[in-house]
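Please treat every number below as a calculation from the coordinates, not as lab data. Note that the coordinates shown come from a computational prediction; the quantities given were computed from them, not determined experimentally. Heads up, the Cβs are rebuilt from the backbone with ideal geometry, glycines too, and the neighbour counts pull from every protein chain shown.
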Amino acid sequence: MKINISPLRQWFGFTRREQRASLILIIIIAIVVCVRFFIPNSKASVNYIPIEKELIGYDSVKLVSTETAVTSNVQNRTTAARVIMIEINSCDSTELLRLPGIGQVLSSRIVRFRDLLGGFASTDQLQEVYGLSTETFNVIKNMVTVDTTLIDKINVNNADFRRLSRLPYFERQEINDLLRYRNMKGQIDNINELIENSILSDDKAAKIKPYLSFN
């Protein structure tokens with residue numbers, strides 16, 4: 001089979017001006033084709049990229065805001081723990097409201113229990129306040145102090161039954177035994193006497209000792 005190459009010969013037989021015009025025409029056609037098939041995809045890409053950036057930017061801002069809020073909260077709690085320091089044997093119920101988790105009810109209960117005891121001998125005794133949870137105690141335990149010199153002590157050698165019974169740690173039978181022993185001996189010299197004569201157990205004596213005097 002013989003290939004007809006006469007058209008090529010005719011094209012190559014164009015004048016220089018005709019060949020240039022033909023080349024320009026071919027380039028224009030190629031540009032039109034490119035515009036038709038590639039520009040729509042480019043537009044889609046242009047529209048997609050800003051949306052993606054916007055979403056990424058939104059997530060980043062949201063994440064930074066969350067981290068900032070958490071950090072600020074931790075710093076505030078740390079600052080509060082460092083700044084707030086309340087002596088619970090001399091404060092009033094209003095001052096106790098500065099402690100986190102302590103409202104009007106709990107502050108009043110703390111003061112009433114303190115007055116009933118005659119003063120706190122340890123911050124751990126706050127756990128005996130009705131309604132004060134372990135979680136709240138763990139938060140405030142490092143924000144309070146106790147001045148034991150402010151405790152209103154009971155003189156064992158001249159207190160009557162009523163005075164002794166005001167201390168909530170005493171049981172009725174223990175008070176009766178103490179008074180009976182005091183009447184018999186005349187003078188109680190120290191807490192060990194009450195332990196040795198089976199009036200108080202070791203644990204009870206340790207709990208009551210800060211509230212007794214033997215002068």
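Under a point spin-label approximation (7 Å from Cα along Cα-to-Cβ), what is the Ala30-Asn215 distance to one decimal in nm?
In this crude spin-label approximation the distance works out to 11.3 nm.
From the C-alpha gyration tensor of the range 156-199, pull out the three semi-axes of the equivalent ellipsoid (sqrt of 5λ each), sorted largest to smallest, in whole Å. Let's see the in-between values first.
Working: eigenvalues 49, 28, 17 Å².
Working through the eigenvalues yields semi-axes of 16, 12, 9 Å.
Give a residue-ordered list of calculated ³J(HN,Hα) values for the range 199-215 (Karplus: 6.51 cos²θ - 1.76 cosθ + 1.60, θ = phi - 60°; whole Hz; x for Gly, Pro).
After applying 6.51 cos²θ - 1.76 cosθ + 1.60, I find 7, 10, 7, 4, 5, 5, 4, 5, 6, 8, 3, x, 9, 10, 10, 10, 6 Hz.
Would you grab the residues whose amide H sits under 5 Å from the one on Glu87? Only those 5+ places off in sequence or on another chain, please, with H modelled 1.01 Å from N.
Close amide H contacts, sequence-distant or interchain: Thr145.
So what's the range 86-150 giving for Cα Rg divided by 2.2 N^0.38 Å, two decimals?
Taking N as the residue count of the range 86-150, the ratio is 0.96.
In whole Hz, with x marking every Gly and Pro, tabulate ³J(HN,Hα) for the range 134-139 from phi via Karplus 6.51 cos²θ - 1.76 cosθ + 1.60, θ = phi - 60°.
Each residue's phi maps through the Karplus curve to give 4, 4, 5, 4, 5, 6 Hz.
Dipole magnitude of the range 138-179 about its Cα centre, charges +1 at Lys/Arg Cβ and -1 at Asp/Glu Cβ only, in debye to the nearest 20?
Details: 6 positive and 6 negative charges, 26 e Å.
For this selection, approximately 120 debye.
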